[in-house]
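Below you'll find the structure, written out as structure tokens, and then a few comments.
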Ligand code: SF4
């Protein structure tokens, strides 16, 4: 496989830094997947579900065959401090006869059943591939049910084939805007956190840091959020965007339509966490919060020095491969590996934008390959060629790494421990060390 040919149509999505780089200009990204390339990227519906599923008291009806509904809380794992309704997944379970005669009646019946049994405030209805093909009028059904039961039933136009995962993010953001845009709120001195899904309680860590600076959180999109908390969001003074790939579109719409400015942040790694806290205080023109941010981040960074020095000895000189969802996470990971004296030799994202790849290119060395929307064959080829010691990715990348005898670190939505903030640095580095330096790799015999 090392010598596997890269598809001709895929070559423009791959940048070899050794070729001199191109300032990100020549690398193609933010496009639909190449047919037949077996992309690692999820579909439009899955992208929409990533963003909306963590709303803890919302009902999610997947209008489509039962298979689509397997994408549910259990493979995302965002935590809640209140309701846990969002852990259920409801499906209209479309069958052959529905494909022929239409699925609108089944959808209406599903909404009625939930309305009468649970009296919900908010239901999202996801249109999947087959609904896009047969042309059910999902909007009309949702509108009719909203009026009949006096609740919000919001359609999410997400047939899997209608684009790529980024389109799903956009459809989810449109659904959120439909929910919140009619709710004028009095302005208050606080922030909304966008693009954090409270995996392993990470949102609570960020909220705790902001509380230490005296900064109030008005609403969160969408980790640990609820119908009521989302409606308060138009009153915030600032939006801070953690997962830029999924939530920049929402931030732009909120800026244009509600006058809420935004800044992009990242709470992965010491450098990014420190810079983000200081920048939030600056964006709010809050001198006191800035002073607190400077003091807090200095203290936390100093506390970590002994730990970093100890683990650096184990990790220095190792080579890392990264394949994650968005650019912001890849950038933070490259910086974290640099801190430990490690080199990133392969780095890619599912939904990175031109700006992300420009930053990535500026951070990595000349030995690095940069991949957009890659596939298992390319990952295998380049990880072997570059002698990667560890792959950081998600559930779809894990078996690939293990089959190749390469260590693996899960930095996606299934993990059970937080990797953000200063606490996250400790968890992350310990996991990298445990995986890379595990004696099991000595006993692995991998066919070439
Ligand atoms: S690609 Fe289509 S059929 Fe497959 S999960 Fe996505 S919406 Fe469902």
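Read-outs throughout are calculated quantities, based only on the coordinates presented, and are distinct from any laboratory measurement. These figures come from a predicted structure and were not determined experimentally. Please note: Cβ atoms are built from the backbone with ideal geometry, for glycine as well, and neighbour counts cover all protein chains shown.
Quick rundown of the values:
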quantity: Of 34, 265, 241, the one that fluctuates the most in a GNM where the chain has Cα springs shorter than 10 Å; calculated: 34
quantity: Fewest-first ranking of 323, 227, 249, using other Cβ atoms within 10 Å as the exposure measure; calculated: 227, 249, 323
quantity: Debye log10 I(q)/I(0) for the stretch 188-294, one point scatterer per Cα, at q = 0.15, 0.24 Å⁻¹; calculated: -0.55, -1.51
quantity: Tensor-based shape of the chain (alpha-carbon gyration tensor, a/c under 1.5 rounded, otherwise prolate or oblate); calculated: oblate
quantity: Computed label-point distance, nm, for sites residue 307 and residue 83 using a 7 Å Cα→Cβ extension; calculated: 3.6 nm
quantity: Order of 104, 189 under a 10 Å beta carbon neighbour criterion, fewest first; calculated: 189, 104
quantity: The chain - mean residue ellipticity at 222 nm from DSSP helices (-39,500 (n - 2.57) per run, n ≥ 4, rounded to 500); calculated: -13500 deg cm²/dmol
quantity: Theoretical FRET efficiency, 1/(1+(r/R0)^6), r = Cβ-Cβ of residue 437 and residue 282, R0 35 Å, to 0.05; calculated: 0.30
quantity: Angle between the chain longest axis and helix 138-149 axis [Cα atoms, degrees, rounded to 10]; calculated: 60 degrees
quantity: Crossing angle, helix 104-118 versus the chain [Cα axis fit, 0-90 degrees, rounded to tens]; calculated: 90 degrees
quantity: Cβ-Cβ FRET estimate between residue 119 and residue 147, R0 fixed at 25 Å, reported to 0.05; calculated: 0.95
quantity: Residue exposure sequence - 63, 119 - by fewest surrounding Cβ within 10 Å; calculated: 119, 63
quantity: Principal-axis tilt of helix 244-258 within the chain, Cα atoms, nearest 10 degrees; calculated: 50 degrees
quantity: Under 20 Å from the residue 414 label point (7 Å along Cα→beta-carbon), backbone N, the stretch 195-220; calculated: 197-202
